[in-house]
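The values are calculated or read from the model by the stated rules, or taken from the named source; none is laboratory data. Just so we're clear, the structure is a prediction, and the values are computed from it rather than from any experiment. Because the Cβ atoms are built from the backbone with ideal geometry, glycine has one as well, and the counts that use them run over all protein chains shown. Quick note on the areas: whole protein, heavy atoms, side chains included, nothing else; ligands and nucleic acids left out. Shrake-Rupley method; radii C 1.70, N 1.55, O 1.52, S 1.80 Å.
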Amino acid sequence: MLFASFDLVSALATLAACLVSLTLLLAVSQQLWQLRWAATRDKTCKLPIPKGSMGFPLIGETFHWLLQTARKHLKLVLLPSAASSPGELVAGAAGGLDTWRSPVFSKIFSHEALESYLPKIQLVIKDTLRAWSSNPESINVYHETQKLTFRMAIRVLLGFRIPDEELNRLFEVYQQFVENVFSLPVDLPFSGYRRGIRARETLQKGLEKAIQEKLQNTQGKDYADALDILIESGKEHGKELTMQELKDGTLELIFAAYATTASASTSLIMQLLKHPRVLEKLREELRSKGILHNGCICEGSLRLDNINSLYYLDCVIKEVLRLFTPISGGYRTVLQTFELDGFQIPKGWSVMYSIRDTHDTAPVFKDVDVFDPDRFGQGRTEDKDGRFHYLPFGGGVRTCLGKHLAKLFLKALAIELASTSRFELATRTFPKVTLVPVVHPVDGLKVKFFGLDSNQNEILTETDAMLGATV
Ligand code: HEM
C-alpha cells in the first residue's frame, strides 16, 4: 500500500516536471521566435512592426491581425511586386515553375492555342461522360473529375498518346504522389515521404517514356500542344530543354491544373444538382444560341467564340469559383516595406492573402452564402466594383497562368452536362464540403449519371420531378 502511493506520487511529480519543462520550452521558443522577427524590422522605417507572437505557430495574434487587416487592404498585400511563386501552395512540387514563366506561356494559353485544344477537350469530356453514364452504379464525382483533369492534361495539354491502361496506372501513381506531397521530409521505410519519392520516380519514368515517344513520333498531329510549344520556343531562344527540364515542367503543369480544376468541376456538378433552375436556364441559353438542338450539341457549333458568347454560362462558372474557390490563398514576399494600419510590414517578410476570406467579406457581394449566378449578370455585375474583391485565380504578376484554359474546360464540361446528360444525387442528402487541401465534398459526391438519348430524352420543359434532385 505504501509502495503503491509512493509510485503514484512519483508519477505525479514526473508529470508535473514534464509539464513545467514543456511550458518553459514553449515560452523560450516563443521569445526566440519573436526576437527573430523583431530582428527583421526595417530600421529605416519609424513605424513599429505588428504586435504579438508573429503567428507562432500559425495561432498567434499577429497572424490573425494580418489576416483581418489584409481583408481590409487586400490591394496592399497584392502589390504587383510580388516575388514568391505559388510553390508554397504546392510545397516542393512546384519549385521550378519559373522554367515555365516567360512569353512561352502566353503562347501556350493564347486564343489560338485554346481554339486548337477545344475539340480535344470536348472529346475527353464526352468519353468520360459516356463512361459515367454507362456505369450501372453511382460514381464518386470528385475522384472521377480528378481522373478527368489528369486525362485532359496528359492527352490535350501534353499530347501524350499513351494507352488507357497505362494512363490509369499513371493516374494511380500520380494520386499517391499528390497524397504524400505534404509529408514530413523523414526518409524512413513506409513513411509518406518515401512513398511520395517512389511515386515521383515512377511518374518521371512514365513521363520520360511518353516524352521520348512524342519526340520520335510527330506524324499525324493536327495541333501544337503545350509541350510542343515549349520545346519549339526553347529552340527559338537558342535553348534546347533537357529531358529533366521537360519532365519537371510537365509534372508541374499537371500539378497546377489537376486539383484545382477537379475541385471546381465537382463544385459545378454539385451546384447544378442543387439548382435545377440554373441548369434549365443554361439549357435555354444553349438552345437560343443554336448549340443545343433536339437533345444534342449541333455539329461544329462549339467554337471558342460561340462559347465566349454564352453570357449566362460565364456567370455560372464565375459564381462556382466565387463560392467554392478551390485555392484558399497565396503567399507573397514583401519587396518593399509598406504600412498597414499604422504598422510596418518589412521588406523580406512573407505575407499571405486569403482568396476565400476576400470572397466572404467583400462588401460588393450581396448574400454572400447564396449561389446566385445572376449577381454577375447584366445590371448587377457585382464583380465590376473594385479590382480586389473577386480573385479565384489570384492576382498581380503571379496570377494563375492557366485561368483561361481552366474556364474553358469548366464551360465545356457544363455544356456537355447540360446537353447530353441527366444526373441525380445518389445519396439522401448533399454531403458537407471540406476546404482542405482544396474545396471538395467529404464523401466525394455520389451521383448516378444517365445518358440522354437524342430521340427521346430532350429536356424541353421544367417538370416538378426535374426540380427535385434529378436534373
Ligand atoms: C479552376 C481552376 C484553377 C484555379 C482556381 C487556379 C488558381 C490558381 C491560383 C490561386 C494560383 C496562385 C496565384 C497566386 O499566387 O496569387 C495559380 C497559379 C498557377 N496556376 Fe492555376 N488555377 C486553376 C487551374 C489552372 C490550370 C488548368 C493551369 C494550367 C494548365 C494552371 C496553371 C497555373 C500556374 C502555372 C500557376 C503559377 C503561376 C506563377 O507562379 O507565375 N492553373 N492558380
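Table for the structure above
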| quantity | calculated |
| --- | --- |
| Residue check for T261: assigned to a helix (DSSP H, G or I), within 11 Å of the chain's Cα centre (by Cα) and in contact (Cβ under 8 Å) with a residue 24 or more places away in the chain | yes |
| Single match in A426, A414 (criterion: more than 29 Å from M352 (Cβ to Cβ) and crowded, with 21+ Cβ neighbours inside 10 Å) | A414 |
| Test for I297: is it open to solvent by less than 10 Å² (accessible area, probe 1.4 Å) and either of a type in the set (A, V, I, L, M, F, W, C) or within 19 Å of L129 (Cβ to Cβ) (or both) | no |
| Region 104-146, residues that are open to solvent by 20 Å² or more (accessible area, probe 1.4 Å), of a type in the set (G, A, S), within 28 Å of D228 (Cα to Cα) and part of a helix (DSSP H, G or I) | S106, S116 |
| Any hit, region 183-191, residues being surrounded by 15 or more Cβ atoms within 10 Å (Cβ to Cβ), part of a loop (DSSP other than H, G, I, E, B) and within 16 Å of the ligand (Cβ to nearest atom) | no |
| Output for region 377-420, where each listed residue is among the hydroxyl-bearing types (S, T, Y) and either part of a helix (DSSP H, G or I) or more than 6 Å from the ligand (Cβ to nearest atom) (or both) | T381, Y390, S419, T420 |
| Cβ-Cβ under 7 Å pairs, at least 6 apart or on other chains, region 390-417 side farther than 26 Å from L273 by Cβ and in contact (Cβ under 8 Å) with a residue 60 or more places away in the chain, far side open to solvent by less than 20 Å² (accessible area, probe 1.4 Å) and of a type in the set (F, W, Y) | L401/F105 |
| Unique residue being at negative phi, open to solvent by less than 80 Å² (accessible area, probe 1.4 Å), more than 16 Å from the ligand (Cβ to nearest atom) and among the hydroxyl-bearing types (S, T, Y) when the list is T149, T218, T202 | T202 |
| Selected residue (criterion: nearest to V178 (Cα to Cα)) from residues of region 230-265 that are more than 11 Å from the ligand (Cβ to nearest atom) and of a type in the set (A, V, I, L, M, F, W, C) | L251 |
| Yes/no for R195 being touching a residue at least 12 places away in the same chain (Cβ under 8 Å), under 26 Å from P163 (Cβ atoms), of a type outside the set (D, E) and open to solvent by 90 Å² or more (accessible area, probe 1.4 Å) | yes |
| 2 or more residues open to solvent by 50 Å² or more (accessible area, probe 1.4 Å), modelled with pLDDT under 85 and small (G, A, S): qualifying helices (runs of 4 or more DSSP H) within region 1-85 | 2-38 |
| Any chance E232 is farther than 20 Å from P103 by Cα and in a helix (DSSP H, G or I) | no |
| Every pair of residues 6+ apart whose Cβ atoms lie under 7 Å, when the first sits in region 300-320 and is more than 15 Å from D374 (Cβ to Cβ) and open to solvent by 10 Å² or more (accessible area, probe 1.4 Å) while the second is in a helix (DSSP H, G or I) and among the polar types (S, T, N, Q) | L302/Q122 |
| Answer residue from region 420-461, given it is modelled with pLDDT under 90 and small (G, A, S) and is nearest to Q122 (Cα to Cα) among those | S421 |
| Residues that are surrounded by 12 or more Cβ atoms within 10 Å (Cβ to Cβ) and under 24 Å from N168 (Cα atoms), drawn from region 225-244 | D225, A226, L227, D228, M243 |
| Answer from V173, V178 - the residue that is within 22 Å of G444 (Cβ to Cβ), part of a helix (DSSP H, G or I), open to solvent by 30 Å² or more (accessible area, probe 1.4 Å) and at pLDDT below 95 | V178 |
| Residue selected from region 352-380 under the condition surrounded by fewer than 17 Cβ atoms within 10 Å (Cβ to Cβ) and among the small types (G, A, S), by the criterion farthest from the chain's Cα centre (by Cα) | G379 |
| Residues being of a type in the set (A, V, I, L, M, F, W, C), away from the ligand (no atom under 12 Å from the Cβ) and either within 15 Å of V439 (Cβ to Cβ) or touching a Gly at 6+ places or on another chain (Cβ under 8 Å) (or both) - total across region 312-330 | 2 |
